[in-house]
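In what follows, a single structure is set out as C-alpha cells and then discussed.
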Amino acid sequence: MKYLRLALCGLIFFTSSFVWAGRVLPNDVHIVVMKSAEGQQVVLGTAKKAWLRTLSLGLIKGNKTFQLSKVVRVHDTSNRFVTYNTLYRFKNIPIAVRFDKANQIQEIWILTDEERDALVRPNNPQVD
C-alpha cells in the first residue's frame, strides 16, 4: 500500500510538471521586433523585411514608440516573469506584444527560436 501511494504521488508530480512547461500565446498578440527600450518607452519595428525600408535604402525605418502600461508583464523565453528594466537585453529580437485599450503595451513575450519560425509570417498582425 505504501509503494502504491508513493507511485501515485510520483505519477501526479511528473505529469503535472509537463503541464507547467506549456506556453500559449493569446490570439490578439502582435509580432514585432524591439528596437530599443528605455524606461517606460519601447521602440518597436516590423518583424519582417518591409518593402518601404528596402526602397528607401534604409532611410525610412518604420519604427514606432509605445508606452508601457503600469502593470506590464514581461515573459522571457523560459516563460518566467522579468521586470521591464531588463528589456534592453532583448534589443533587435522578435517579441509578441499585447496592447490594452489605451494603446499601451500590457504584456510582452520574448519569443523562442521555434516560436519565431512559426509566428513571423506575412499573415500575422504587425504594428502599423
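The values are calculated or read from the model by the stated rules, or taken from the named source; none is laboratory data. What you see is a predicted model, and the numbers here were worked out from it, not measured in a lab. Heads up, the Cβs are rebuilt from the backbone with ideal geometry, glycines too, and the neighbour counts pull from every protein chain shown.
Name every residue in the stretch 27-44 that is in contact with a Lys or Arg (Cβ under 8 Å, 6 or more places away or on another chain) and either crowded, with 19+ Cβ neighbours inside 10 Å or touching a residue at least 24 places away in the same chain (Cβ under 8 Å) (or both), in order of residue number.
First, pick out the residues of the stretch 27-44 that are in contact with a Lys or Arg (Cβ under 8 Å, 6 or more places away or on another chain): 28-30, 34-37, 43-44.
Within the stretch 27-44, Asp28, Val29, His30, Met34, Lys35, Ser36, Ala37, Leu44 qualify.
Considering only the stretch 1-13, how many residues are at pLDDT 75 or above and in a loop (DSSP other than H, G, I, E, B)?
The number of residues fulfilling the criteria is 0.
Name the residue that is modelled with the lowest pLDDT, counting only residues in the stretch 14-25 that are loosely packed, with under 15 Cβ neighbours inside 10 Å and part of a loop (DSSP other than H, G, I, E, B).
Ala21
Would you pick out the residues in the stretch 79-113 that are in contact with a helix residue (DSSP H, G or I) (Cβ under 6 Å, 6 or more places away or on another chain) and touching a residue at least 60 places away in the same chain (Cβ under 8 Å)?
Looking only at the stretch 79-113, we keep the residues that are in contact with a helix residue (DSSP H, G or I) (Cβ under 6 Å, 6 or more places away or on another chain), and these are 94, 110.
Hit for the stretch 79-113 is Pro94, nothing else.
Go through the stretch 74-118 and count every residue that is farther than 17 Å from Val33 by Cα and basic (Lys, Arg).
2
Residues that are over 15 Å from Trp109 (Cα atoms), modelled with pLDDT under 90, not aromatic (Phe, Trp, Tyr) and not in a strand (DSSP E or B): does the stretch 26-45 have at least one?
So far as the stretch 26-45 goes, yes, one or more of its residues are over 15 Å from Trp109 (Cα atoms), modelled with pLDDT under 90, not aromatic (Phe, Trp, Tyr) and not in a strand (DSSP E or B).
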